[in-house]
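Chemist: One structure is given below, represented as structure tokens, and several questions about it will come after.
The values are calculated or read from the model by the stated rules, or taken from the named source; none is laboratory data. Predicted model only: the values in this text are computed from it and were never measured. Here the Cβ positions follow ideal geometry from the backbone for every residue, glycine too, while neighbour counts run over all protein chains shown. Remember, those area values only see protein heavy atoms, side chains included, never the ligands or the DNA or RNA. Shrake-Rupley method; radii C 1.70, N 1.55, O 1.52, S 1.80 Å.
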Amino acid sequence: IYADPAKRLELYFRPKDPYCHPVCANRFPTSTMLLRVRRRSRKKQQQLDTKEQTQPEVQFEMEILGIVTTVYKFQGMSDFQYLAMHSGPDGKQTSMYDKVLMLKPEKEEFFNRELPLYIPPPIFSRLDTPIDYFYRPDIQHREGYNNPQVSGENLIGLSRARRPHNAIFVNFDDEEIPAKPLDAAVQTWKKVCTNPVDKKVEEELRKLFEVRPVWSRNAVKANISVHPDKLKLLLPYLAYYMLTGPWRSLWVRFGYDPRKHPEAKIYQVLDFRIRCGMKYGYAPNDMPVKAKRSTYNYSLPITVKKQVSHTVSVHDLKQGLGTAGASGAKKAPSSRYKLKESIYIFREGALPPYRQMFYQLCDLNVESLQKIIHRNDGTESECTERDGWCLPKTSDDLRDSMSLMIKQIIRSTRPALFSNTTSSEDSKEQLAYESGEDEEDEEEEEEDFKPSDGSENEMETEILDYV
């Protein structure tokens, strides 16, 4: 518990009872000392008025053992307790612990016995601290008042309505592609484009689409410094969004149809996931590339998380002062929101920043991979939804080659992981992918925005941001 600042310390009043609900302690920083106090007493004989009286002599010894930096405080209330009991017809309570708890290996008869239904609830209270509900009295209407009919216009939703960004979505099966943006998208961008910086960003993005008609959003972020909120409004103004097919999750310049141009195969998307597992010589935890999210990083609704304050060191105080803090200075406005190139470009000898990446084929900067992509140059006959203008199984061949490159990098950085594997086994490995999830973009305030180091390269499927 101490190793993870986000966890709470649990106290069980009945440790041997699996149905006992614990009380939880929150973690707090402190600056106190741990003392050892010894009390020594020695009897002393005193003669008082010809009458003997024993009076002890007491001495205290104190010793500082150490400094305490963390303390756990039990501030919440104890939860309800649910005992394994059964109420008989006469109201008598009977314990069921000997019938429901399996303390040793049992035979089949133990599981086939007829017992009263006993299903303990997984949780009683969502919070362990008291709160005020602030109940409001019922509204007293005049006589003859009727409640209005509920419709989509006056229905109060569970969350706020999404801000419209007016993007145009195109499926691979759609016959026509848009040639211009929606009027609402034009008006929205003109409304927010109020300073020369926005005008400059618009011109830079236009030039990018002139050089290359298809871009991923992360590739745009790596080439232009623009706030994410404004990029959400600018992209629908200059391009449409492909939902399915070999160009899915990409932004395409208005008027350009990649399904009619064989040279557009270099802009197709490749869903690449780093293979990991014991059959490949290393477990997911041994990977030098972190995962997007972990299924273990969650908290129960009963927990109350406290922000752990970090101790300020002298080194931290020096950051940003004079020449010593030059590295901690803020980035220039021209590159404040830019991401690293590794977020969309694959290079030989470098590990991807994430276990699941979405590359465009032209961004695979390895000669052997480009040979696989261009195997059918000049002989493209049909654009399919699965392979686009490439030969069938091209994506599989690319993934195999990229996986071997990454394994060689991991082998060189962590040779101990591959001490039991042989080269003959390497050539026989089959496909295995680690499942990935799409992450939602977090809307941050401009002054608090911190550019990513390449860890948010997710497939852009949060299309509701652009509806």
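Chemist: Every residue in segment 81-139 that is over 29 Å from TYR12 (Cβ atoms) and open to solvent by less than 60 Å² (accessible area, probe 1.4 Å), please.
Modeler: The first filter runs over segment 81-139 and keeps only residues over 29 Å from TYR12 (Cβ atoms), leaving 89-91, 107-109, 112, 114, 132-139.
Across segment 81-139, the qualifying residue is only GLY91.
Chemist: How many residues does segment 347-367 hold that are in contact (Cβ under 8 Å) with a residue 60 or more places away in the chain and either within 19 Å of the chain's Cα centre (by Cα) or open to solvent by less than 20 Å² (accessible area, probe 1.4 Å) (or both)?
Modeler: Of the residues in segment 347-367, 12 are in contact (Cβ under 8 Å) with a residue 60 or more places away in the chain and either within 19 Å of the chain's Cα centre (by Cα) or open to solvent by less than 20 Å² (accessible area, probe 1.4 Å) (or both).
Chemist: While we're looking at this one, here's another question. Could you identify the single residue in LEU182, LEU208 that is free of Cβ contacts under 8 Å to residues at least 24 places away in the same chain and of a type in the set (A, V, I, L, M)?
Modeler: Working: LEU182 fails: free of Cβ contacts under 8 Å to residues at least 24 places away in the same chain.
Every option except LEU208 fails the conditions.
Chemist: May I pose another question? All but one of (1) open to solvent by 100 Å² or more (accessible area, probe 1.4 Å); (2) modelled with pLDDT of 60 or more hold for ILE156; which doesn't?
Modeler: (2)
Chemist: So which residues in segment 249-259 are without any contact (Cβ under 8 Å) to a residue 60 or more places away in the chain and open to solvent by 10 Å² or more (accessible area, probe 1.4 Å)?
Modeler: ARG253 - this is the single residue of segment 249-259 that is without any contact (Cβ under 8 Å) to a residue 60 or more places away in the chain and open to solvent by 10 Å² or more (accessible area, probe 1.4 Å).
Chemist: Same structure again: Considering only residues of segment 18-64 that are exposed (fewer than 10 other Cβ atoms within 10 Å of the Cβ) and outside any strand (DSSP E or B), which is modelled with the highest pLDDT?
Modeler: ASP49
Chemist: Quick one: would you say GLU385 is open to solvent by 70 Å² or more (accessible area, probe 1.4 Å) and at pLDDT 90 or above? Write out each step before concluding.
Modeler: Working: open to solvent by 70 Å² or more (accessible area, probe 1.4 Å): yes; at pLDDT 90 or above: yes.
For GLU385, the condition - open to solvent by 70 Å² or more (accessible area, probe 1.4 Å) and at pLDDT 90 or above - is met.
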